[in-house]
Each structure stands twice: as structure tokens, then as C-alpha cells.
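A short reminder: the numbers here are calculations on the coordinates, not readings from a lab. Being a predicted model, the structure only gives us computed values, none of them experimental.
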């Protein structure tokens, strides 16, 4: 028993993950300060997407290494629109196998204290809510593009 505990502590498994290194399961604290991450402002579009008519800013916590075929586990991408903020977090493994493989979806809100909080998370919006201005789900659009690891922002396309 003591040996197992020593192994857990030695590998860091017995300690909570630091928020400076995103964990595979993102927490609200992982999104704090996203406005200081690398960002891209995208113009309003009218092309049958969930975000038609809205300019938006996309933030990424870290880019993948050059030549990568996919984003690394722990990547967080935030899409800020005028009245709503969505995000995607790379969990990897077998998560979301029938959609945008490895990605989890988030709706972020600003708490009155200024903290970023997760309103919902998972494979898509909860029943009764929709993603942006469309009845399409996150996976409907993003999951249809495995060649870009489901990331649709042109400035973040791989290779």
C-alpha cells in the first residue's frame, strides 16, 4: 500500500493538475484569462452557419507544433461572439467518437465577480438550448471536417 502511494506521488498522480497546464478535462479555471491568449478577429459571415451575421474573436491557449496532424490534448479554443461565448477543449482518446473526435464543447459565461464559468459542457448543448443561430449541433459542423481536426477557424488550420 505504501509503495502504491509513493508511486502515485512520484508520478504526480496524487496531486491536482495545475491550471497553467490544461488537463484533459477542462475546468472553469482553465478558461480564466482567455482574453490574453493568441487571438484572431473574424468578420461577420453569411453562409448558412451557426454564427451567421456575427463578427467573432477566436482565442487559442497554445498552437500545435508545426506540421501537426491534430491539436494536442489540452488545447482550448474560445469563440467569443457579441452575446455568447463558446469553447472547445481537446480531451483526446475515445471522447466524442461519433462527432468531432476528441473534442468537448462548452458554453462560457461571465460571473458577476468577473470569473469565467462553464454554463454547459459535453457533446453539445443541453435539451432546449441551441448552438448559435442554428439548430445544428457543434458536431454537425465541426465533426464534418476531420481533415482539420474539426477546427474551422482558417488561421488555425493544420499544415
| query | Roughly what percent of Cα-Cα pairs across the stretch 19-156 reach past 17 Å? | reply | 58 percent
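Quote to one decimal, in nm, the extra length available between residue 57 and residue 69 on full extension: 0.36 nm per residue of separation minus the C-alpha distance between them.
1.9 nm
Pairs of Cα atoms under 8 Å, at least six residues apart: use those to get the relative contact order of the stretch 60-154, whole percent. Please list the in-between numbers first.
Working: 158 pairs, mean separation 18.9, N = 95.
RCO, the stretch 60-154: 20 percent.
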